[in-house]
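S.K.: Here it is, the structure, as structure tokens.
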Amino acid sequence: AQSVSQHNHHVILSEAASLELGCNYSYGGTVNLFWYVQYPGQHLQLLLKYFSGDPLVKGIKGFEAEFIKSKFSFNLRKPSVQWSDTAEYFCAVRSGSARQLTFGSGTQLTVLP
Amino acid sequence: EADIYQTPRYLVIGTGKKITLECSQTMGHDKMYWYQQDPGMELHLIHYSYGVNSTEKGDLSSESTVSRIRTEHFPLTLESARPSHTSQYLCASGEGISLSGANVLTFGAGSRLTVL
């Protein structure tokens, strides 16, 4: 069965700091990878996704993620965070013939003004 | 505007009560899902449906039941609520696995259930 690990449960940064949130998955075959974000009081929404092709994908609000197949990783990055990036971030994977997404446990990001 | 709606947003009830969490989407998606979300934990899939009259149980065992009589409507029911059912329940819909193999979901705002 596929699994997703997000090792950082809570990250606290100051504005303008760089961000990298880790995401590792367990499946060795073809994968679709996603980052979802949940801002306070709002719906969970798609931040970015990887299907195939360029392993560096860009999403909304200046976020990007890099798929490194050899490391089974899909880390989320942003060079300079803003207070408005405070939210919970979930990594998700659909692997091989699986019909469903598997989500990680989430990382709560707090950006201090 | 196409969207997915969940009601109620918050519900506090006593043990033994029957509750139904409503979920409706206006996007015409065939696939709908219910996830259970607890603080600091993964989103766990508890039910899904690939179309009218099709329902399946997800990875996480749940005492709840679902129905899919209409494409746009996917309610979740607990016949007799218990404190262990206290959680946030998220409904989602999607076009399922497209030709590209993708599975992009649109989520509702969630229903936070507290059983006393």
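The values are calculated or read from the model by the stated rules, or taken from the named source; none is laboratory data. What you see is a predicted model, and the numbers here were worked out from it, not measured in a lab. Positions of Cβ are backbone-derived with ideal geometry, glycine not excepted, and every protein chain shown enters the neighbour counts.
S.K.: So which strands (runs of 3 or more DSSP E) stay within the range B:1-42 end to end and still have 1 or more residues that are free of Cβ contacts under 8 Å to residues at least 40 places away in the same chain?
M.R.: Numbers: elements: B:4-7, B:10-13, B:19-25, B:31-37.
By residue number, no strands (runs of 3 or more DSSP E) qualify.
S.K.: Follow-up question, since we're still on this one. Has the range B:78-90 got at least one residue that is more than 16 Å from the chain's Cα centre (by Cα), modelled with pLDDT under 95, among the small types (Gly, Ala, Ser) and farther than 21 Å from residue B:19 by Cα?
M.R.: Among the residues of the range B:78-90, not one is more than 16 Å from the chain's Cα centre (by Cα), modelled with pLDDT under 95, among the small types (Gly, Ala, Ser) and farther than 21 Å from residue B:19 by Cα, which makes the answer no.
S.K.: Out of everything in the range A:80-113 that is surrounded by fewer than 16 Cβ atoms within 10 Å (Cβ to Cβ) and in contact with a strand residue (DSSP E or B) (Cβ under 7 Å, 6 or more places away or on another chain), what residue ends up being nearest to residue B:49 (Cα to Cα)?
M.R.: A:110
S.K.: Looking at the range A:66-109, which of the residues that are polar (S, T, N, Q) and away from every other protein chain (no Cβ under 14 Å) is farthest from residue A:37 (Cα to Cα)?
M.R.: Checked the range A:66-109; the qualifying residue farthest from residue A:37 (Cα to Cα) is A:70.
S.K.: List the pairs whose first member sits in the range B:49-65 and is among the hydroxyl-bearing types (Ser, Thr, Tyr) and at pLDDT 90 or above, whose second member is in a loop (DSSP other than H, G, I, E, B) and surrounded by 14 or more Cβ atoms within 10 Å (Cβ to Cβ), and whose Cβ atoms are under 8 Å apart, counting only residues at least 6 apart or on separate chains?
M.R.: What qualifies is B:49/B:68; B:49/B:74; B:54/B:68; B:55/B:67; B:55/B:68.
S.K.: Within the range A:12-21, restricting attention to residues that are surrounded by fewer than 17 Cβ atoms within 10 Å (Cβ to Cβ) and in contact with a Ser or Thr (Cβ under 7 Å, 6 or more places away or on another chain), which residue is farthest from the other protein chains (Cβ to nearest Cβ)?
M.R.: Here the answer is A:16.
S.K.: Determine, yes or no, whether residue B:78 is more than 11 Å from every other protein chain (Cβ to nearest Cβ) and either hydrophobic (A, V, I, L, M, F, W, C) or touching a residue at least 60 places away in the same chain (Cβ under 8 Å) (or both).
M.R.: When the stated conditions are applied, residue B:78 passes them.
S.K.: Of the conditions (1) in a loop (DSSP other than H, G, I, E, B); (2) among the aromatic types (Phe, Trp, Tyr); (3) without any contact (Cβ under 8 Å) to a residue 40 or more places away in the chain, residue A:67 fails just one. Which one is it?
M.R.: Going through the list (1) in a loop (DSSP other than H, G, I, E, B); (2) among the aromatic types (Phe, Trp, Tyr); (3) without any contact (Cβ under 8 Å) to a residue 40 or more places away in the chain, residue A:67 breaks only (1).
S.K.: On the basis of being modelled with pLDDT under 95, more than 14 Å from chain A (Cβ to nearest Cβ), more than 20 Å from residue A:4 (Cβ to Cβ) and not in a strand (DSSP E or B), does residue B:98 make the cut?
M.R.: When the stated conditions are applied, residue B:98 does not pass them.
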